[in-house]
2 protein chains.
Amino acid sequence: MKIAVLPGDGIGPEIVAQAVKVLNALNIGLEMEHAPIGGAGYEAAGDPLPDATLALAKASDAVLLGAVGDWKYDKLERHLRPERGLLRIRKELNLFANLRPALLYPELASASTLKPEVVSGLDIMIVRELTGDIYFGQPRGISMLENGEREGINTMRYSESEIRRIGRVAFDIAMKRNKKVCSVDKANVLETTELWRQVMIELAKEYPEVELSHMYVDNAAMQLIRAPKQFDVMVTGNIFGDILSDEASMLTGSIGMLPSASLDANNKGMYEPSHGSAPDIAGKDVANPLATILSAAMMLRYTFNDEAHAVRIEDAVKKALAQGFRTADIWTEGTNKVGCAAMGDAVVAAL
Amino acid sequence: MKIAVLPGDGIGPEIVAQAVKVLNALNIGLEMEHAPIGGAGYEAAGDPLPDATLALAKASDAVLLGAVGDWKYDKLERHLRPERGLLRIRKELNLFANLRPALLYPELASASTLKPEVVSGLDIMIVRELTGDIYFGQPRGISMLENGEREGINTMRYSESEIRRIGRVAFDIAMKRNKKVCSVDKANVLETTELWRQVMIELAKEYPEVELSHMYVDNAAMQLIRAPKQFDVMVTGNIFGDILSDEASMLTGSIGMLPSASLDANNKGMYEPSHGSAPDIAGKDVANPLATILSAAMMLRYTFNDEAHAVRIEDAVKKALAQGFRTADIWTEGTNKVGCAAMGDAVVAAL
Ligand SMILES: [Mg+2]
Ligand SMILES: [Mg+2]
């Protein structure tokens, strides 16, 4: 089992180092090879996604990514910017399923702007389709109408097979969780999502143990605030998933804790924290490595099908929190403020 | 100044009666004429939007609506259902600008699932375009691809003039408020909203006193939870506005308090509470009339340009709350539970 380790920019190298430390401590024969991406790729090879990095990613079973981006690259031509490396690797690897958990540990409930009783213990998995929908649909663009004014158009578009494959990801994940899927659409207005709903209903027949429900996207945006713990797995298209996964992540109040995964059709995946590269605190050993460590746990679960070791990492994170260890971003009065490396050590010790 | 009063179904008649009582108490020469809509229209004339009701609405300067809908009409053919009356009157009157305030009185802050300090005093005005965007764009539908699978498509579409007229509504409102407009788009991905942003920037030149900012829709969904009080006027397209206005309303935790307005190009408008017809509590004198009373205040402000009397109603609502009057939906220990009519009386007394 081979992992391409792409630390990237900013705090990427230090947070990824902690996740690597945790994976090594499991001692389960993972082979890890490092390569540059983003600004680091540009520095090393003049390309935010160097050929050698892409080749390594393709030859590996999974990719562990830190984060890309730094203000110092803002003046580069668009195709040389760090973010392009990320977009290109996602596309090259056909990562169509984006998994965004919103999980709030009871110890961190006070970080949320919501009342603790509303969000404590929150554990939602948002499955977002990542390669279709209105973000990619043709025709698109700005054109001139006959009356001389401009008009912008974009096209929302989903085929049955695109819907079915992301649905399958959601149902499979639900089988590993609480067997509940809420499919989010706007089927009362948009035909594309009417088809979405039909395909989900058909697919549900293959998963008799899973309880499928449907919700309109505007109601989902409300329900995430009113009673977020009603949700387990949510599945939705690219644009709705973009909005709802960000909304759900903010419910936790601690983005430094949230991992993510992007999977292809064979469960090969890229795993990375939901947060960014935070160049302002890079190299200072103050970053929170837990989102990256939890991303490594997701890798074990979804790509390597190793639930036992995934849970072992997640339990170790919980234990480190219970023991009072906190990085600066999640520190509160009465807890023990530690640096990035020390947090990694605390998780290793708790394994 | 003539107002078409359309009470509708469920709690509609009793809440509208309180708003009418408040408007009459102002004694400013408003002529009001009642007509049936929704299920009441169907009962009276076999049509959820009887011709006479539409004619009255067209001949009036503004429409005050209660709510439509009752389970007993669920078995009617689609075109006879109460909701069709509402959709048709909006279309017939060309109401393209939907104004949805999210306002939280300090006395009611505990009703929110958010911490009181995060939402107390919240006062956002969301301006949503209501007649264009992907909800109406052509082409649309579900068709068969050559490979035998179905595909759904919908089209997001905005012309410059459509964007400019809704932008103008937002800037005009901002001039009556705190002179801040946040335009929400997804200009980094969707060309339609790239045009949206360009037009907003052009339009802002006509309003040098207004500070215009831009935010991506996914970030807006987050910021509404993280720090909702940063917003004053938000303006956005139909689908984003659908999602964000519902999300923002839920921040308050008391939908029984939220008015709304839908305006045409001449500020003729239809005013109605954001909540529904609640047939389960209809006729029991327990409904909350404040959203409807506040809708009447919006009517004075936006259609009759009578800021002074609008504020007088809003201040009277605040005073009634400060005096401890509460309908059942917003009642908490230690406050004075009153019925729908008594709440209307409390507002009249506080005028
Ligand atoms: Mg996003
Ligand atoms: Mg809605």
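Summary table
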{"quantity": "Of A:21/A:318; A:180/B:72; A:179/A:229; A:2/A:179, those spanning more than 20 Å from alpha-carbon to alpha-carbon", "calculated": "A:180/B:72; A:2/A:179"}
{"quantity": "Considering only segment A:113-252, percent of DSSP beta bridges that pair antiparallel, nearest 5", "calculated": "25"}
{"quantity": "Percent accessible area from carbon and sulfur atoms, segment A:158-270, protein chains only, probe 1.4 Å", "calculated": "46"}
{"quantity": "Label-point gap, in nm, between residue B:142 and residue A:335 - each point 7 angstrom along Cα→Cβ", "calculated": "4.7"}
{"quantity": "Given charges at beta-carbon only (K, R positive; D, E negative), |dipole| of segment A:113-252 in Debye", "calculated": "440"}
{"quantity": "Chain-alone versus full-assembly comparison, segment B:94-118, residues with accessible loss of at least 20 Å² (1.4 Å probe)", "calculated": "B:113, B:114, B:115"}
{"quantity": "Leading residue at positive end of dipole, segment A:157-277 (Cβ point charges), from A:259, A:175, A:228", "calculated": "A:175"}
{"quantity": "Antiparallel bridge percentage (DSSP; both residues within the protein assembly as shown; nearest 5)", "calculated": "45"}
{"quantity": "Average other protein chain Cβ within 10 Å of Cβ, residues A:190-202", "calculated": "4"}
{"quantity": "Accessible area of residue A:306 in the full protein assembly, 1.4 Å probe (Å², nearest 10)", "calculated": "40"}
{"quantity": "Cβ-placed point charges (K, R +1; D, E -1), dipole of chain B about Cα centre in debye, nearest 20", "calculated": "400"}
{"quantity": "Nearest-10 value in Å² for the accessible area of residue A:325, using the 1.4 Å probe", "calculated": "50"}
{"quantity": "Spatially proximal aspartates and glutamates relative to residue A:268 (Cα-Cα < 17 Å; intrachain offsets below 8 disregarded)", "calculated": "A:31, A:33, A:61, A:92, A:129, A:172, A:306, A:307"}
{"quantity": "GNM top mover of B:126, B:281, B:330 - chain B, alpha-carbon springs below 10 Å", "calculated": "B:281"}
{"quantity": "10 Å Cβ neighbours from other chains, averaged over peptide B:131-140", "calculated": "3"}
{"quantity": "Relative contact order (percent, whole number), chain A, Cα cutoff 8 Å, 6+ residue spacing", "calculated": "21"}
{"quantity": "Inter-label distance for residue A:44 and residue B:83, nm, one decimal - labels placed 7 Å from Cα along Cα-to-Cβ", "calculated": "5.4"}
{"quantity": "Spacing of the two label points (7 Å from each Cα toward its C-beta) at residue A:175 and residue B:75, in nm", "calculated": "4.2"}
{"quantity": "Estimated buried accessible area (total), pair B and A, 1.4 Å, Å² to nearest 100", "calculated": "4700"}
{"quantity": "P(r) histogram, all alpha-carbon pairs of chain B included - 10 Å bins from 0, percent", "calculated": "5, 24, 33, 26, 10, 2, 0"}
{"quantity": "Other copies of residue B:52: label-to-label distances in nm, shortest first, labels 7 Å along the beta-carbon direction", "calculated": "8.5"}
{"quantity": "Under DSSP loop assignment and at most 11 Cβ neighbours within 10 Å, longest trypsin sites (Lys or Arg not before Pro)-free interval of chain A", "calculated": "A:206-351"}
{"quantity": "Globularity ratio of segment B:91-221, using Cα Rg and 2.2 N^0.38 Å", "calculated": "1.30"}
{"quantity": "Residue-normalised accessible area of chain A, expressed per residue, 1.4 Å probe, Å²", "calculated": "38"}
{"quantity": "In sequence order, calculated HN-Hα J values of segment A:192-208 (Karplus, 6.51, -1.76, 1.60; Hz; x Gly/Pro)", "calculated": "3, 8, 5, 4, 3, 5, 4, 5, 4, 5, 4, 4, 4, 5, 7, 10, x"}
{"quantity": "Cβ-vector label at 7 Å, residue A:164, separations to other copies in nm", "calculated": "4.8"}
{"quantity": "Of B:101, B:68, B:161, farthest towards positive along the dipole that unit charges on Lys, Arg, Asp, Glu beta carbons give the protein assembly as shown", "calculated": "B:101"}
{"quantity": "Selection from B:24, A:340, B:201, by position along the positive dipole direction of the protein assembly as shown (Cβ)", "calculated": "A:340"}
{"quantity": "Student exercise, segment B:72-130 dipole from Lys, Arg, Asp, Glu Cβ charges, in Debye to nearest 20", "calculated": "480"}
{"quantity": "Extension reserve of the residue B:311-residue B:206 stretch, reckoned as 0.36 nm per residue once the Cα distance is removed", "calculated": "35.1 nm"}
{"quantity": "At most 16 other Cβ within 10 Å, DSSP loop - GluC sites (Glu not before Pro), segment B:98-198", "calculated": "B:146, B:149"}
{"quantity": "Label 7 Å beyond Cα on the Cβ vector: residue B:351 copy-to-copy distances, nm", "calculated": "7.4"}
{"quantity": "Residues losing 50 Å² or more accessible surface upon assembly, segment A:217-258, compared with the chain by itself, 1.4 Å", "calculated": "A:218, A:222, A:225, A:243, A:246, A:250"}
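The values are calculated or read from the model by the stated rules, or taken from the named source; none is laboratory data. On a predicted model such as this, the values are computed, not experimentally measured, just so you know. All Cβ positions, even for glycine, are placed from backbone atoms using ideal geometry, and neighbour counts span all protein chains on display. Side chains included, ligands, DNA and RNA excluded: accessible areas come from the protein's heavy atoms. Shrake-Rupley method; radii C 1.70, N 1.55, O 1.52, S 1.80 Å.
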